[in-house]
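Encoded as structure tokens, the structure appears first; notes follow it.
The values are calculated or read from the model by the stated rules, or taken from the named source; none is laboratory data. The structure displayed is predicted, hence computed values, not measured ones. Because the Cβ atoms are built from the backbone with ideal geometry, glycine has one as well, and the counts that use them run over all protein chains shown. What goes into the accessible areas is simple: the full protein's heavy atoms, side chains included, and nothing from ligands, DNA or RNA. Shrake-Rupley method; radii C 1.70, N 1.55, O 1.52, S 1.80 Å.
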Amino acid sequence: MTAVTAPVNKIIPFSSVDGPGNRTAIFLQGCNIDCRYCHNPETRVTVVMSGHNPDISEAVITVGDGPCQVDITHMTPQAVMEQVKKQVPFIRGITVSGGECMLHQDFLHDLFVLAKGEGLTTLIDSNGTLPFSKCPELLSVTDGVMLDVKAFFQADYETVTGSKNTYEVVLENAVFLAAQGKLEEIRCVICPSLYDGKKSVRALGEYMKSYYEPGAFHFKLISYRPMGVRPEYAHMLTPGTDYMNELAAILSEIGYQDTVVV
Amino acid sequence: MRDISMDRVQATRENILGIIKNTSLTHEQKLTNLANAADGLLEVLDVPEGLDDLLNCDADRRCICDLFEGHAPMRPRYIVPDYEKFFKQGSAFLQLEPPTDFFEALNHLLIIYKHVPSITNYPVYLGNLDMLLDPFIKDLDDETVKKHLRLFLTNVDRTVLDSFSHADLGPVATRAGYLIMEVSAELENAVPNITMRYDPDITDDEFVLAGVRCALKTAKPSFANHKMFKSELGDDYVIASCYNGLKLGGGSYTLCRLILGHIADRARDIKDFKENVLPYVLDIQGRYMDARIAFEVEESGFFESNFLAKEGLIHRDRFTAMYGLVGLADAVNILLEKEGKSDRYGHSEEATRLGVEIMEIIDTWNKNHVNKYCEATDGHFLLHAQVGIAEDIEVAPGTRVPIGEEPAELVDHLNVLSNFHKYFPSGTGDIFPMDITIHKNPEYVVDIIKGAWKKDLRYLSFYSSESDVIRITGYLVKRSEIEKFEKGVAVLQNTTHLGTGAKHNGKILERKVR
Ligand code: SF4
């Protein structure tokens, strides 16, 4: 079998918030962009292992210090699958998240092949900055993608992410995945201090409308909350319930069903 | 009838006066307590030798507990009338013809509930409500049905003053079932307890999802593994009282329980426990239950005189008895400690293995013990993992992992429990407070239930950590009512008192939130 590994930040055995039903959620280390509101900044740091011995399936590395310190385990898909199997038959599938898990496509592919063998469904939670159209093999074993659209307009997107050249890829991914029937969810973190949520959500809703039919995909609107974010951004405002409900109403007006607000 | 000492008479008189003067008890609660005190003066049962030292010793040494059943049982502990038959034939005793519409059906039920005895003096089984009522609502619109269900359920909550009272739903989805859940979620009453008999092959996903949504609002329904109960008790089983599987048209004569931790205290080591101490207590509790059953069947006159039996709504030969236990976790921990080991129940394979070995001994004992009045269950009792009572101090319910010691991950917790549920056809259950976030994802809970059924789990309850109605052990109470009772105000329901005790002694508000 393959000796590919990925840096695993944590595995949550039962998760109710990472896709439909009960799922084991696997968080990989490392991200390629820098959202100001990132709730798990510790998963962003990329870990470079020097002299990595491919025979070792698990190696623990500690990054950061103080409260930000995390233990990262380099694991093979097989090793992760052993952890997942403990939850069968209580789970319906797995979700791989990050950081940005699409930085580890070979690992994802092999893990999903193993998961399919156990009768589990497979979801990817991605920031959408890497093109899904370039990895048909991975998509063939992926049931769906939960795609972050950080903001609909380029300037807002760049404010939020600090990323200059990924904006177009995200929107291309949204369209491509919807057309392939692989778009599970579009998630938007709503943070009024950073951009106009109403304008962005309405424009995104209109943009995706022609790819939508009821039951195909849904929106998840997530209120920005200061928990876990870096101290320099903790002052940003949390949107009120009314504001969030207004956004959901905008989507429902356009014709989207089952919008989730959290 | 045997004589008793004047000291005991004097103590009873003081107890009676205390009950009369107690300002925290309602009138009905006083009557029940007075009757218990009176019957406590009798000595008519043919009890086995050695019982006294196991039953009537100090609470911290007690090995057998008869759960306030009194000294001269005048009716079975739990009675499960066949309400469907009642609807078909009416009742001569109650002077009722069969109901012809929904309104009469509800009224009939409210009448008969007042005449179904039990240990609590309130009916412990209210019927498979959705199946019972569904035929009557065909021509009625939702609003009319809900309006009358609201009145009916509110009536039940304010007059059946005990949460050890159960209505069943399912396993087949019905319109009545959906409406009952909708109204229950809206009312947020503690009574009745509700269970959905759930079989993924029979029950619609939408129905069980509606059940989960309702449970996260108001701690009910709970979910029973329909396939499992059916394979043990047959198609005509019901869930009554806390979570007890019993035969329709029958019930349970009695329920006594082993306090396994205290039994383990009396053993030198594991070997002594398994070979001497436990078998000795098993035999005495068995013979004590035999004596209680013999009195009920042969002397009390209940089955000859009560209208439920005379009109065929219950049948003596559908009754069985529940052989209960608490504190498996305590026994395992105590015994391992006696062997110099620090393993804890819920956290080590060795502890689980010892728990299973203890259950095997109890199960084998039961399979070899015959009571001629338990024909309904092949002449044997049904094992029951009892939920504990408010007076229990440091006693773990049934086979549960004690509150505060639950494994960090729910999956590990479920895997431990999956070793034990199969032993208890007359009921065992585990309770999981859920974080509010899963209101948004009830399928999460359904996945857990589906997996649990595959792993031989029998019965699960969930409630949101933020709702007012909460599950104590096998019954529900309102947090707000406990708060009133703690301030010395008389509250309507008996189980609020139990809940208050359980809050302090049983730490139920400290359960691990999932
Ligand atoms: S994409 Fe996710 S992990 Fe990466 S910086 Fe943004 S919020 Fe953090």
Task: Relative contact order computed over chain A (Cα-Cα under 8 Å; 6+ residues apart), in percent - done: 17 percent
TODO: As a check on your grasp of the helix formula, calculate [θ] at 222 nm for the protein assembly as shown: sum -39500 (n - 2.57) over DSSP H runs of n ≥ 4, divide by the residue count, round to the nearest 500.
DONE: -11000 deg cm²/dmol
- [ ] Using only alpha carbon positions, build the gyration tensor of segment A:176-262, then give the equivalent ellipsoid semi-axes as the square roots of 5 times its eigenvalues, largest first, whole angstrom.
- [x] 25, 14, 11
Open item on the list: Can you work out the Karplus-derived ³J(HN,Hα) for every residue in segment B:255-271? Use 6.51 cos²θ - 1.76 cosθ + 1.60 with θ = phi - 60°, whole Hz, and x for glycine or proline.
Closed with: 9, 10, 9, 7, 9, 5, x, 6, 5, 5, 4, 7, 9, 6, 7, 4, 4
- [ ] Wrap a convex hull around the Cα atoms of chain B, take a quarter of its surface area, and give that in square nanometres.
- [x] 22.7 nm²
TODO: Report Rg(Cα)/(2.2 N^0.38 Å) for the protein assembly as shown, keeping two decimals.
DONE: 1.08
Open item on the list: Can you give the longest run of chain A that contains no trypsin sites (Lys or Arg not before Pro) sitting in a DSSP loop with at most 16 other Cβ atoms inside 10 Å?
Closed with: A:165-262
Open item on the list: Could you derive backbone 3J(HN,Hα) for segment A:126-140 from the dihedral phi with the Karplus parameters 6.51, -1.76 and 1.60 (θ = phi - 60°), listing whole Hz in sequence and x where the residue is Gly or Pro?
Closed with: 9, 7, x, 8, 10, x, 6, 5, 8, 9, x, 5, 4, 4, 5
- [ ] For segment B:240-279, just the Cα atoms, rotate onto the principal axes and tell me the three extents in Å, largest first.
- [x] 44, 17, 13
Task: 1.4 Å probe accessible area per residue over segment A:6-261, in Å² - done: 42 Å²
Open item on the list: Show me, bin by bin at 10 Å from 0, the whole-percent P(r) of segment B:375-433 based on Cα pairs.
Closed with: 20, 46, 25, 8, 0
Open item on the list: With every protein chain kept in place and ligands, DNA and RNA left out, what is the accessible area per residue of segment B:78-246? Probe 1.4 Å, answer in Å².
Closed with: 34 Å²
TODO: At most 13 other Cβ atoms within 10 Å and a DSSP loop assignment: could you name the chymotrypsin sites (Phe, Trp or Tyr not before Pro) in segment B:186-223 that fit?
DONE: none
Open item on the list: Quick query: amide H of B:Gly388 versus all other amide H atoms, modeled in the peptide plane; which residues come in under 5 Å with a sequence gap of 5 or more or a different chain?
Closed with: B:Gly398
Task: Most positive-pole-ward Cα, B:Ile270, B:Asn22, B:Ala331, against dipole of chain B from beta carbon charges - done: B:Asn22
Task: Shielding by other protein chains, A:7-20, mean Cβ within 10 Å - done: 3
TODO: Could you tell me what percent of the accessible area of chain B is made up of carbon and sulfur, with a 1.4 Å probe and every protein chain present?
DONE: 50 percent
Task: Rg [Å, one decimal], Dmax [Å, integer] - segment B:241-324, C-alpha atoms - done: 16.7, 53
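Let a ≥ b ≥ c be the square roots of the eigenvalues of the Cα gyration tensor of segment B:148-198; is it rounded (a/c under 1.5), or, if not, prolate (a/b larger than b/c) or oblate?
It is oblate, given that a/c is not under 1.5 and a/b is not larger than b/c.
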Open item on the list: If you take the accessible area of A alone plus B alone and subtract the pair, what total do you get in square angstrom, rounded to 100, with a 1.4 Å probe?
Closed with: 1400 Å²
Task: Cα lying deepest toward the dipole's positive end in chain B, options B:Gly245, B:Ala72, B:Pro221, charges on Cβ - done: B:Pro221
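Just the C-alpha atoms of segment A:6-261: what Rg/Rh do they give, with Rh taken as the Kirkwood radius?
Taking Rh as the inverse mean 1/r over Cα pairs, Rg/Rh reads 0.96.
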- [ ] Determine the sum of side-chain charges near A:Asn127: Lys and Arg each +1, Asp and Glu each -1, restricted to other residues whose C-beta is under 9 angstrom from that of A:Asn127.
- [x] -2
Open item on the list: From the mean inverse distance of alpha carbon pairs (Kirkwood) and the Cα radius of gyration, derive Rg over Rh for segment A:108-205.
Closed with: 1.03
Task: A:Ile72 long-range amide H proximity, modeled H, under 5 Å - done: A:Ile61, A:Thr62, A:Val63
Task: Estimated vicinal HN-Hα couplings, Hz - segment A:18-30 in sequence order (Karplus 6.51, -1.76, 1.60; Gly, Pro = x) - done: 10, x, x, x, 9, 9, 8, 9, 10, 9, 9, 8, x
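By its C-alpha gyration tensor, with a ≥ b ≥ c as the square roots of the eigenvalues, how is segment B:78-246 shaped: rounded for a/c under 1.5, else prolate for a/b larger than b/c, else oblate?
rounded
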Task: Within 10 Å of each Cβ in A:78-91, the average number of Cβ atoms from other chains - done: 3
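Loop-only check: which trypsin sites (Lys or Arg not before Pro) in segment B:1-89 are DSSP coil with at most 11 other Cβ within 10 angstrom?
Hits after loop and neighbour filter: B:Arg2.
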- [ ] With a ≥ b ≥ c taken as the square roots of the eigenvalues of the C-alpha gyration tensor of segment B:1-139, please select rounded if a/c is under 1.5 and otherwise prolate if a/b is larger than b/c or oblate if it is not?
- [x] prolate
Task: Sequence-distant residues sharing a close amide H with B:Ile194 (under 5 Å, placed H) - done: B:Ala167, B:Ser222
TODO: Could you state the accessible area per residue of segment B:1-43 in Å², with a 1.4 Å probe and every protein chain left in place?
DONE: 70 Å²
